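The values are calculated or read from the model by the stated rules, or taken from the named source; none is laboratory data. Everything quoted here is computed from the prediction, not taken from an experiment. As a convention, Cβ positions derive from the backbone with ideal geometry for all residues, glycine included, and neighbour counts pool all protein chains shown. With ligands, DNA and RNA removed, areas are computed over all heavy atoms of the protein, side chains included. Shrake-Rupley method; radii C 1.70, N 1.55, O 1.52, S 1.80 Å.
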Amino acid sequence: VQLQASGGGLVQAGGSLRLSCAASERTGSSYSMAWFRQAPGKEREFVAAAWRNTGTSFYGDSVKGRFSISRDNAKTTIYLQMNDLKPEDTALYYCAAARVILSALRDPVSYNTWGQGTLVTVSS
């Protein structure tokens, strides 16, 4: 499967953006889909994931309550709705896919398929 991320941009603090990640084929229940982000000089950080078996969503502590991950019915695109954005959310955002086990869902090392990053910049 190949992934194509889009939707990044410049937004003021408190604003919203929606990122999209289109897969080249149906991911269905075979792949867990996730979003990670990486700010300059920092490690890649888990943002959100949809677990492959049940579609249950998981979030990083820093985005819980503000971001929401969803999947389209055809299961070829995932979205990351980002609300109440803060300057510290500024980063390159990557989507990823893998047949991970639940305990490894938040670990970027577990993912073997990545989209290109899309830049999100939040101004204060």
Result of the Cβ filter at 7 Å on the stretch 45-59, keeping first residues that are more than 21 Å from residue 117 (Cβ to Cβ) and partners that are in a strand (DSSP E or B) and hydroxyl-bearing (Ser, Thr, Tyr), at least 6 apart or interchain, is 51/32; 52/32
Total residues in the stretch 64-99, condition open to solvent by 50 Å² or more (accessible area, probe 1.4 Å) and assigned to a loop (DSSP other than H, G, I, E, B): 8
Which numbered condition residue 27 misses (of (1) outside any helix (DSSP H, G or I); (2) among the polar types (S, T, N, Q); (3) open to solvent by 50 Å² or more (accessible area, probe 1.4 Å)): (3)
Where a residue in the stretch 106-120 is on the phi < 0 side of the Ramachandran plot and aliphatic (A, V, I, L, M) and its partner, wherever it lies, is in a strand (DSSP E or B) and buried (at least 16 other Cβ atoms within 10 Å of the Cβ), with Cβ under 7 Å and at least six apart: 119/92; 120/17; 120/91; 120/93
Of the conditions (1) in a strand (DSSP E or B); (2) open to solvent by 10 Å² or more (accessible area, probe 1.4 Å), the single one that residue 19 does not satisfy is (2)
Residues satisfying the stated conditions in the stretch 45-63, i.e. within 25 Å of residue 11 (Cα to Cα), open to solvent by 30 Å² or more (accessible area, probe 1.4 Å), touching a strand residue (DSSP E or B) at 6+ places or on another chain (Cβ under 9 Å) and not polar (S, T, N, Q): 45, 58, 59
Restricting the search to the stretch 92-124, which residues are small (Gly, Ala, Ser) and within 17 Å of residue 69 (Cα to Cα)? 96, 97, 98, 115, 117
Taking only pairs six or more apart or across chains, which ones have beta-carbon atoms under 9 Å, a first residue in the stretch 1-23 that is among the aromatic types (Phe, Trp, Tyr), and a second residue that is surrounded by fewer than 15 Cβ atoms within 10 Å (Cβ to Cβ) and assigned to a loop (DSSP other than H, G, I, E, B)? none
Of all residues in the stretch 1-16 being of a type outside the set (A, V, I, L, M, F, W, C) and part of a loop (DSSP other than H, G, I, E, B), the one that is least open to solvent (accessible area, probe 1.4 Å): 15
Number of positions in the stretch 108-122 that are closer than 23 Å to residue 86 by Cβ and open to solvent by 40 Å² or more (accessible area, probe 1.4 Å): 2
